[in-house]
Every structure is written in structure tokens, then in C-alpha cells.
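A.B. asks: First, the structure itself, so that you have it in front of you.
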Amino acid sequence: MFTAHGSRSASLFKRAQASLPGGNSRHSIAFPPYPIYAASGSGCEITDADGAVYIDCINNMSANIHGHRHPAVMDAAFRQQERLVSVGLPTETEIVLAEMLAERVASVDTVRFCNSGTEALMFAARAARAFTGRDLIAKIEGGYHGAYDSLDLSNKPTPDVWGDDDAPATVMEGAGITQAIANQTLVLPVNRVEATRAIIRANADRLAAVFIDPLVSRMGFLPLTDAYLRMVREETACRGILLVFDEVFSFRLGRSGAQGKFAITPDLSTFGKIIGGGFPIGALGGRHDVMEVFNHLPSGKPKVPHSGTFFANPVSMAAGAAALELLDEAMFAHLDRIGDLLRKGISEISLRLSVPGQVMGMGSLVAFMPQMEPYTDYRAFAQGAARAGGEAVKHFGGLINRGVLPVFPRGFILSTPMTEDTIGRVLEAVEATVKAARDAHVPA
Ligand code: PMP
């Protein structure tokens, strides 16, 4: 039972605190009062250190689109490991995966690999600055682009520091980032078309790139509006500013990711998570002329050096190619179908139990925000979430104890091994949890 003091997860967490600050290596998966320690996974299920089995709706924050240990992905990884694991030479595997990305995504001519989404974003910023000769970059308020100093800003600012609605302040949430770095990142107000247009225009001479997470993962999968995306594309295109789509999370929306769904052509795109089949990976791809900043061949020296010991490691490349191979139109249709089923089911539960709220998401990404009003920007989201805050923790514990592992507090990231029956089981857990919370008359 989650939060039982005698559990093995609770004691592992206690032990972890002696050798790991805060007892973990990853704040994004640390939740109160202690994290569940995973022991094994198979298909769409996880078994924890106490032997409890859960439907995994975290799927390593989107990376495990095929759930755990998919036979075709494992086979590709094992076969690669039998040949070669890590090597100081290129391998054919990186060409195969680069070709697959370029074939799927019309805006991608060429690709560079790295080991994480964070690194892909870091190199995107560097490429944009090198290509344009400008120093500023811009991101949307509340968007998350990994741990790189220049983008790890204004991820979750609070009203006391977030500044004007039309001209958000650049907020440093963690210590250790210098003011000089923060000063080079502009923050754009989400879905506010004219205010964002004004910021882009006012800084056009110095702006190298605008970074967009088109389905904002940290805001309950809030989609940027069509008008907003089109304005950003037009304003950037005619001012020589690069548009970077961060597809690290959203690439699971379809064969060509969010950009395919939203019909926008960015100049650069960053990838990660699903393209590694569950192994560490990141990639930056895009327009040929921009990507040429990494080409060392013409002069013998690249404009932007790009190297890493494990970049394009053959195991991630082989597993990633196998994972992508499985993701054809029929597989995306399956993910869309089970995502729709879950969204519809949660909406019905919320009506039936008279617990109002928002059901958000697209495709295989689903979020339930009980007691929240509709929102279209970061500020309304943050204020609504703060008001409904106490409910989140309670729902989270309720779902876990009913065998469903959500993204804290109530996100659901689905995987291809899930069936309609799996979604039925998730919905049973959601209904029982929401009902128990409502009937207990405590914040749910
Ligand atoms: N961009 C987005 C939109 C993300 O969701 C994430 C990770 N959750 C990242 C970048 C960073 O990727 P990574 O964790 O692989 O560094």
C-alpha cells in the first residue's frame, strides 16, 4: 500500500538519502512522501520493489511508447550488443536512424545525435546563434525544454515574480544560473498573439530563435492555438529568426510529430525519448543550411563543434530504429483510439460524479485536472492548479493504490501494448479514486 511505512520502497528511499542528495537523481520523478521503486516491467505493466503490479501510465515520461521490453526493440538492442556496444568510430546504425527521421519529418533534412533532449536543445540554441549571428533566444512561459541554463527559465513562475501579462519576466527558478545568461532569454506569453508578436518584433535584430513546445507538457498538454503558431511562424520567417519545435515529448503524436499535426514547418526540431526505444538519446534535425553549422568538411573545422563520447551510440540507434519501425499509421491510430477512449471515459466520470474539471491532451497524452476552469495560458493554468492543489496529491495516492501509475499528479501517457481493456481498468481506478475523494469531503 502506497505510503505504508513498512514498504520496501519506503525503506529504499530512506537508504537512498545517505548516498544521494534528497535520495534521488531526478527531481521530476520525486513525489511525496516517497517514490515507488521499480523492480521490473513488461508490456504496459510495472512491478515495484514490494511486488505490487501497476499499469504504467508514466512510460518514462513518454520515452517508452512501446511500454517495457517490447520484443522487437529488445531483439534489435540485443543483436547490436552482441556485435558492438560503445565505440570510438561511427557505425551504420546512426545513418539508418537519421534517414528514418528525415523520411518521416518533412522539415528535417539532416540530423545530429546526442544523448538527451536537454543536449538537443542546447545544441539547437548554439546552432541558431551561430547561424544568425544573434544572441537572444525566446521561449514560452511555462514551457519546459530540459535542464540547459539558457532554457531552464520561467518553467513554473509564480505571480509574485512573473511580471506583466503581456511582457513576462524571465524568472530563474533554481540557483546557479547567472543573470547574464537569463538576460539573453526572452519569455513569451502563451497563446497571446499580439503581445508575443510585439516582443518578437521589438527584439528582431537580436533574436536568434524562438523555442516552442507545441503541446505544452507542463501545462496539462495545453495546445498552442493555430493562430498563435501561425503568427510565430510568420513573424520569425520574415525576420530571419529560426523557429525551433521541441518535439522531445510531442513526437509521439504522429509519424511526423506535433509539426505534422499542427501543419507548421519549423527550421529546427529537437527529438529525444521515443526515438531511442527506451535507451538514452537526443537528436537535432532541420533545414540543411542551418544544420551546415555542424559540417566540418568544407573548411576542415565546424562552425559549431558537436561531440560526445556516447553520441550516436549504436545500441540507442538500433533500438530507436526498431521502435520507430513499429510506429506506422495503424499504430498511431491505435494510440489515438485508446487516448480518445480515456479522455471520453474521464469526462463521463467527471459528469457522473459531479466533479467538474478539464480533460486535456491529444493522442496518447491525457491529463485530468479536476476542479479547474478552462485555461488557454500559463497564468490561468498556474492559478487554477494552485487552487486545486491539495486534490492532486490525494488523487495520485488513490490511483496508485488502485494499480495505476500516473504522471504526478494526474497525467496518463499511454503505450502501444495497451488495449481497450487496459483503458477500462484505468477508468475503473479513476472513477473509484475520484468518488472516494469526493465522498470523503476532503480536497480530492
Ligand atoms: N523538452 C521537452 C518538451 C521535454 O519534455 C523534456 C523532458 N521531459 C526535455 C526537453 C528534456 O529531455 P531530457 O530529459 O531527455 O533531457
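A.B. asks: Could you sort 415-425, 279-289, 311-321 so that the peptide with the highest average Cβ count within 10 Å comes first and the rest follow in order?
C.D. replies: The most tightly packed comes first, giving 311-321, 279-289, 415-425.
A.B. asks: Based solely on its DSSP helices, what 222 nm [θ] is calculated for the chain when runs of n ≥ 4 H residues each add -39,500 (n - 2.57) and the sum is averaged over all residues, nearest 500 deg cm²/dmol?
C.D. replies: -12000 deg cm²/dmol, from helical runs alone.
A.B. asks: Moving to a separate point now. Can you pull the semi-axes for segment 174-238, root of five times each eigenvalue of the Cα gyration tensor, sorted largest first, whole Å?
C.D. replies: Ellipsoid semi-axes (Å, largest first): 21, 18, 9.
A.B. asks: Classify segment 356-409 as rounded, prolate or oblate, taking a ≥ b ≥ c as the square roots of the eigenvalues of its Cα gyration tensor: rounded when a/c is under 1.5, otherwise prolate if a/b is larger than b/c and oblate if not.
C.D. replies: Verdict is oblate for segment 356-409.
A.B. asks: Give the residue from Ser19, Gly6, Asn59 lying farthest towards the positive end of the charge dipole for segment 1-71; charges sit on Cβ (+1 for Lys and Arg, -1 for Asp and Glu) and the dipole is referred to the Cα centre.
C.D. replies: Positive-end residue among those listed: Ser19.
A.B. asks: In whole Å and largest first, what semi-axes does the C-alpha gyration tensor of segment 201-246 yield when each eigenvalue is scaled by 5 and square-rooted?
C.D. replies: 21, 11, 8
A.B. asks: Let me ask something else. Sequence gap at least 6, Cα distance under 8 Å: using those rules, report the relative contact order of segment 73-200 to the nearest whole percent.
C.D. replies: Once divided by the residue count of segment 73-200, the mean separation gives 18 percent.
A.B. asks: When the convex hull of the Cα atoms of segment 90-165 is projected onto a plane and the area is averaged over all directions, what value comes out in nm²?
C.D. replies: 7.1 nm²
A.B. asks: Subtracting the Cα-Cα distance from 0.36 nm times the residue separation, let me have the gained length for His296 to Arg255 in nm, one decimal.
C.D. replies: Gain on extension, His296 to Arg255, equals 11.7 nm.
A.B. asks: With all protein chains present, how much of the accessible area of segment 215-325 (probe radius 1.4 Å) comes from carbon and sulfur, to the nearest whole percent?
C.D. replies: The computed percentage sits at 56.
A.B. asks: If I ignore ligands, DNA and RNA and count only protein heavy atoms, how much of Cys44 is accessible to a 1.4 Å probe, in Å² to the nearest 10?
C.D. replies: Number for this one is 20 Å².
A.B. asks: In nm, to one decimal, how far is the Arg15 label point from the Ala130 one, both placed 7 Å along Cα→Cβ?
C.D. replies: Reported label-point gap for Arg15 and Ala130 is 4.5 nm.
A.B. asks: In square angstrom, rounded to the nearest 10, how much accessible surface does Asp48 have for a 1.4 Å probe?
C.D. replies: 10 Å²
A.B. asks: Additional query: So which of Lys139/Lys273; Lys156/Lys303; Lys344/Lys435; Lys156/Lys261; Lys139/Lys301 end up more than 23 Å apart by C-alpha?
C.D. replies: Where the Cα-Cα span goes over 23 Å, the pairs concerned are Lys156/Lys303; Lys156/Lys261; Lys139/Lys301.
A.B. asks: Solvent-accessible area per residue for the chain at a 1.4 Å probe radius, Å²?
C.D. replies: That works out to 42 Å² per residue.
A.B. asks: Write down, largest first, the equivalent ellipsoid semi-axes of segment 382-440 in whole Å, where each equals the square root of 5 times an eigenvalue of the alpha-carbon gyration tensor.
C.D. replies: Values for segment 382-440, descending: 22, 14, 8 Å.
A.B. asks: Another question about this same structure. Ignoring ligands, DNA and RNA, what percent of the accessible area of segment 102-144 is carbon or sulfur (1.4 Å)?
C.D. replies: 48 percent
A.B. asks: Under a Cβ-only charge scheme (Lys and Arg +1, Asp and Glu -1), can you give me the dipole magnitude of segment 156-275 about the Cα centre, in debye to the nearest 20?
C.D. replies: With only Lys, Arg, Asp and Glu charged at Cβ, the dipole is about 440 debye.
A.B. asks: Take every Cα pair under 8 Å in the chain that's 6+ residues apart, average their separations, divide by the length, and report that relative contact order as a whole percent.
C.D. replies: Relative contact order, the chain: 20 percent.
A.B. asks: Please work out the ratio of the alpha-carbon Rg of segment 329-444 to 2.2 N^0.38 Å and round it to two decimals.
C.D. replies: For segment 329-444, the normalised Cα radius of gyration is 1.03.
A.B. asks: Rounded to the nearest 0.05, what FRET efficiency do Asp340 and Lys435 have when you use their Cβ-Cβ distance and R0 = 25 Å?
C.D. replies: Once the sixth-power term is evaluated, E becomes 0.60.
A.B. asks: Nothing charged except the Cβ atoms of Lys and Arg (+1) and of Asp and Glu (-1): what's the magnitude of the dipole of segment 1-142 about its Cα centre? Round to the nearest 20 debye.
C.D. replies: Its charge dipole is roughly 500 debye.
A.B. asks: Further, regarding this structure: I want the antiparallel fraction of DSSP beta bridges within the chain, as a percent rounded to 5.
C.D. replies: Close to 65 percent.
A.B. asks: Kirkwood Rh over Cα pairs of segment 160-279 into Stokes-Einstein at 20 °C, 1.002 mPa s: D in µm²/s?
C.D. replies: Taking Rh from Cα pairs, D becomes 139 µm²/s.
A.B. asks: Which whole-number percent of Cα pairs in segment 261-351 have a distance greater than 16 Å?
C.D. replies: Considering segment 261-351, 72 percent of its Cα-Cα pairs are separated by more than 16 Å.
A.B. asks: Which value, in Å to one decimal place, does the Kirkwood hydrodynamic radius take for the chain when every pair of different Cα atoms is included?
C.D. replies: Radius from the Kirkwood sum: 22.7 Å.
A.B. asks: Report the label-to-label distance for Leu89 and Asp164 in nanometres (one decimal), using points 7 Å from each Cα along the Cα→Cβ vector.
C.D. replies: Placing both labels 7 Å along Cα→Cβ, they lie 6.0 nm apart.
A.B. asks: If you place +1 on the Cβ of every Lys and Arg, -1 on the Cβ of every Asp and Glu, and leave all else neutral, what size is the dipole of the chain about its Cα centre, to the nearest 20 Debye?
C.D. replies: The dipole magnitude comes to about 600 debye.
A.B. asks: Here is a follow-up. Just going by the charge dipole of segment 289-406, with Lys and Arg at +1 and Asp and Glu at -1 on Cβ, which of Met372, Leu326, Gly300 is farthest out on the positive end?
C.D. replies: Of the options given, the answer is Met372.
A.B. asks: Considering just Cα atoms, how many Å³ per residue does the convex hull of segment 21-137 enclose?
C.D. replies: Looking at segment 21-137, the number lands at 204 Å³ per residue.
A.B. asks: Now a separate question. Over segment 1-144, what is the relative contact order in percent, taking alpha-carbon pairs closer than 8 angstrom and at least six residues apart?
C.D. replies: 11 percent
A.B. asks: Rounded to two decimals, what is Rg over Rh for segment 80-215 when you use alpha-carbon atoms and the Kirkwood radius?
C.D. replies: 1.06
A.B. asks: Still on this model: For Arg352, Arg218, Arg343, Arg129, write out the residues from largest to smallest accessible area, computed with a 1.4 angstrom probe and no ligands counted.
C.D. replies: Descending order: Arg352, Arg218, Arg129, Arg343.
A.B. asks: Continuing with this model, one more query. For segment 1-48, which whole-number percentage of the solvent-accessible area (1.4 Å probe, protein heavy atoms only) is attributable to carbon and sulfur atoms?
C.D. replies: Looking at segment 1-48 in its full context, I get 58 percent from C and S.
The values are calculated or read from the model by the stated rules, or taken from the named source; none is laboratory data. Because the structure is a prediction, the values reported are computed rather than measured. Heads up, the Cβs are rebuilt from the backbone with ideal geometry, glycines too, and the neighbour counts pull from every protein chain shown. Please note that ligands, DNA and RNA were not included when accessible areas were found on the heavy atoms of the full protein model with its side chains. Shrake-Rupley method; radii C 1.70, N 1.55, O 1.52, S 1.80 Å.
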